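The next block holds one structure in the form of structure tokens; read it before the comments.
The values are calculated or read from the model by the stated rules, or taken from the named source; none is laboratory data. Keep in mind it's a predicted model, so treat the numbers as computed, not measured. We place every Cβ from the backbone using ideal geometry, glycine too, and count neighbours over all the protein chains shown. Just so you know, the surface numbers come from the protein's heavy atoms only, side chains and all, with ligands and any DNA or RNA stripped out. Shrake-Rupley method; radii C 1.70, N 1.55, O 1.52, S 1.80 Å.
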Amino acid sequence: MKVVVTEFMDEDMLRAGLPGVEVVYDPELVDKRDALFAEVADADALIVRNRTQVKGALLDAAARLKCIGRLGVGLDNIDTAACKARGIAVYPATGANDISVAEYVIAAALLLMRGAFGASAELAKGGWPRQALMNGGEVYGKRLGLVGFGAIARHVARRAAALGMTVAAHDPFVANDDAAWTQDFGRVEPLSLDALLAASDIVSLHVPLTDATRGLIDERAFSRMKPGAILINTARGGVADERALARALREGRLGGAALDVFEAEPFPQGYAERFEGLPNLILTPHIAGLTAEANRRVSELTVANVRRHLAEA
């Protein structure tokens, strides 16, 4: 049996969890096309994050492939239909990084609402911008709107409620009478997307990238949001129109934004220019779900899924 890993994971857990299996672990293999194709040619299992495009030619090259372990939950980089047709099982690490993403969302909300944590360099030079920073906001009493109400969004809702926020969500796949809307911390209000955008002080995105969600938060959606509202996207790049977001920030219609995911990753030449000079903007390189703790959980679950499948194959 041979397992190929193309991106970063907990290597000790990988090797300990697959005794007697040939393991090829190269976190840079995703960027070595020829080597990648050569390694997958006789691989029984493939473990990837989000950058490895398990589609088309790569799938064709992996003639022996029996299963794919995804170090995360999004599957837009994997041709799941083609895998199903070939009998290749796909295992996302469902739930393993939920806490990490939820904490990122809450941290971003606090940072952007308060607006007081970007002045260290000015103070270190002897400045004292107290007047400029004394009108930041609190999250207490604010409305958090969740676009999508799956597992991660529910973790966010719980933490937001603990901070005194009210929570609403839009998810057409969760019926209005579903018990999920009533949590032990209180009621999450189901709303239409337009109503949620209009009523929320902070909007956080938690939907996969599909034909239905691509460009979901577009110019029209931004125009529906409350003046000064905050947008947080830890879901997938492409769900929010980045150029429309840039215009809304530049024109002062939004109070801030945090983007952890982008339409193109990593940024191609010139891509970052759309974000230059934007006020109250946090950019991070798709790491909301990446903490030391989450990486161990994701690695452990993925290895267990692959080990079980290979044992049963």
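Would you mind telling me which residue in R51, R130, R159 has the biggest mean-square fluctuation in a Gaussian network model of the chain, where springs connect alpha carbons within a distance under 10 angstrom?
Most flexible of the set in this elastic network: R130.
Mind pulling the per residue volume of the convex hull built on the Cα atoms of the stretch 133-280? Å³ is fine. Walk me through the numbers before you get to the answer.
Values: hull volume 16.8 nm³, N = 148.
Hull volume normalised by residue count: 114 Å³.
Given a 10 angstrom Cα cut-off, can you work out which residue in S100, S192, S299 is the most mobile in a GNM of the chain?
With Cα springs under 10 Å in the chain, the top fluctuation among S100, S192, S299 is at S192.
Rank G137, G238, G126 by mean-square fluctuation in a GNM of the chain with C-alpha springs under 10 angstrom and give only the top-ranked residue.
G126
How far is the Cα center of the stretch 39-63 from the Cα center of the stretch 248-304, in Å?
For the stretch 39-63 versus the stretch 248-304, the Cα centre distance is 26 Å.
How would you classify the stretch 1-84 from its alpha-carbon gyration tensor, with a ≥ b ≥ c the square roots of the eigenvalues: rounded for a/c under 1.5, else prolate if a/b is greater than b/c, otherwise oblate? Spell out each step's value before the answer.
On the way: a/c = 1.44, a/b = 1.29, b/c = 1.11.
Rounded is the answer for the stretch 1-84, as its axis ratio a/c remains below 1.5.
From the phi angles alone, apply the Karplus equation (6.51, -1.76, 1.60; θ = phi - 60°) to the stretch 154-160 and give each ³J(HN,Hα) in whole Hz, x where the residue is Gly or Pro.
Each residue of the stretch 154-160 in turn: 6, 5, 4, 4, 4, 6, 5 Hz.
Against the longest alpha carbon principal axis of the chain, how many degrees, from 0 to 90 and to the nearest 10, is the axis of helix 292-312 turned?
Once rounded, one gets 30 degrees.
Given a 1.4 Å probe and heavy atoms of the protein chains only, how would you sort L205, L111, L281, largest accessible area at the top? Don't jump to the answer; show the numbers that get you there.
Details: L205 0, L111 75, L281 40 Å².
My answer, sorted largest first, is L111, L281, L205.
Report, by chain and number, residues whose modeled amide H sits under 5 Å from the one on G237, excluding near sequence neighbours (fewer than 5 apart, same chain).
Here F262 satisfy the definition.
So if I place +1 on the C-beta of Lys and Arg and -1 on the C-beta of Asp and Glu, and nothing else carries charge, what would the dipole magnitude of the stretch 127-283 be about its Cα centre? I want it in debye, nearest 20.
On the way: 17 positive and 19 negative charges, 94 e Å.
Around 460 debye, computed over the stretch 127-283.
Please work out the FRET efficiency for the pair D42 and F185, using the Cβ-Cβ distance as r and a Förster radius of 45 Å; give the result to the nearest 0.05.
Working: r = 51 Å, r/R0 = 1.13.
According to the calculation, E is roughly 0.35.
Share of antiparallel DSSP beta bridges in the chain, in percent to the nearest 5? List each step's numbers first, then the result.
Numbers: 2 of 42 bridges.
So the antiparallel bridges amount to about 5 percent of the total.
In percent, how large is the relative contact order of the chain, given Cα pairs closer than 8 Å and 6 or more residues apart? Walk me through the intermediate numbers first.
Working: 575 pairs, mean separation 57.5, N = 313.
Relative contact order here is 18 percent.
Sorting T94, T80, T52 by accessible area (1.4 Å probe), largest first, what list results? Don't jump to the answer; show the numbers that get you there.
Numbers: T94 100, T80 65, T52 0 Å².
Most to least solvent-accessible, the answer reads T94, T80, T52.
Residues of the stretch 54-191: accessible area per residue at 1.4 Å, in Å²?
Accessible area per residue, the stretch 54-191: 51 Å².
When only C-alpha pairs under 8 Å and at least 6 residues apart count, what is the relative contact order of the stretch 240-313, in percent?
Contact order relative to length: 32 percent.
Tabulate in residue order the Karplus-calculated ³J(HN,Hα) for the stretch 24-36, using 6.51 cos²θ - 1.76 cosθ + 1.60 with θ = phi - 60°, rounded to whole Hz; enter x for Gly and Pro.
So the Karplus estimates, Gly and Pro as x, are 10, 10, 9, x, 9, 4, 4, 9, 10, 3, 4, 5, 4 Hz.
Here is the link list: K32/K66; K32/K84; K125/K226. Which ones come out longer than 32 Å on Cα distance? Intermediate results must be reported in sequence, preceding the final value.
Working: K32/K66 22 Å; K32/K84 26 Å; K125/K226 36 Å.
Too far apart for the 32 Å limit: K125/K226.
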